[in-house]
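Engineer: Questions regarding the structure given below will be posed in turn.
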Amino acid sequence: RMDAMIATPICSHSLNATPIVFSAESTLVMRNVTRGDELLTLCVDGTEVGDLSPGESVTIKRSVGRAGFIRLSDGGFYEILRHKMAEN
């Protein structure tokens, strides 16, 4: 029941690249600060939506819509995995 936004790094290879939780009232601005003409690919929910040229930015704000989540069982991912591994 948390009112928040979460930014999650994709394919991170560092232990300090963890998801970051922001207030739902936050406005995030992400800018391509690379030098030269290097493009960055913008992915939203795992889908490539375009490229950002150096100096371009994208602004992220809270949506009017809300996401709902359901839990199909009492056990979490690791509980289910542990159970399946014990069966073999």
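The values are calculated or read from the model by the stated rules, or taken from the named source; none is laboratory data. Quick caveat: nothing in here was measured; it's all calculated off a predicted structure. Here the Cβ positions follow ideal geometry from the backbone for every residue, glycine too, while neighbour counts run over all protein chains shown. To get the accessible areas, we keep the full protein, side chains included, count just its heavy atoms, and leave off ligands, DNA and RNA. Shrake-Rupley method; radii C 1.70, N 1.55, O 1.52, S 1.80 Å.
Engineer: What about Ser14, is it part of a loop (DSSP other than H, G, I, E, B), open to solvent by less than 70 Å² (accessible area, probe 1.4 Å), of a type outside the set (Lys, Arg) and over 26 Å from Asp3 (Cβ atoms)?
Structural biologist: In short, yes.
Engineer: Let me ask another. On the given criteria, is Arg31 surrounded by 10 or more Cβ atoms within 10 Å (Cβ to Cβ), farther than 25 Å from Arg1 by Cα and not hydrophobic (A, V, I, L, M, F, W, C)?
Structural biologist: In short, yes.
Engineer: I've got another one for you. Suppose the filter is over 30 Å from Arg1 (Cβ atoms), part of a loop (DSSP other than H, G, I, E, B), modelled with pLDDT of 85 or more and among the charged types (D, E, K, R); does Glu25 pass it?
Structural biologist: In short, no.
Engineer: So, one more: Are any residues in region 54-78 modelled with pLDDT of 85 or more, surrounded by 10 or more Cβ atoms within 10 Å (Cβ to Cβ) and outside any strand (DSSP E or B), and if so, which ones?
Structural biologist: Within region 54-78, Pro54, Glu56, Lys61, Arg62 meet the criteria.
Engineer: Given the options Pro9, Pro19, name the one that is open to solvent by 70 Å² or more (accessible area, probe 1.4 Å), free of Cβ contacts under 8 Å to residues at least 24 places away in the same chain and either closer than 26 Å to Arg71 by Cα or among the acidic types (Asp, Glu) (or both).
Structural biologist: Exactly one of Pro9, Pro19 is open to solvent by 70 Å² or more (accessible area, probe 1.4 Å), free of Cβ contacts under 8 Å to residues at least 24 places away in the same chain and either closer than 26 Å to Arg71 by Cα or among the acidic types (Asp, Glu) (or both), namely Pro19.
Engineer: Please work out which residue is nearest to Ala67 (Cα to Cα), limiting yourself to region 43-53 and to residues that are surrounded by 10 or more Cβ atoms within 10 Å (Cβ to Cβ) and at pLDDT below 90.
Structural biologist: Val44
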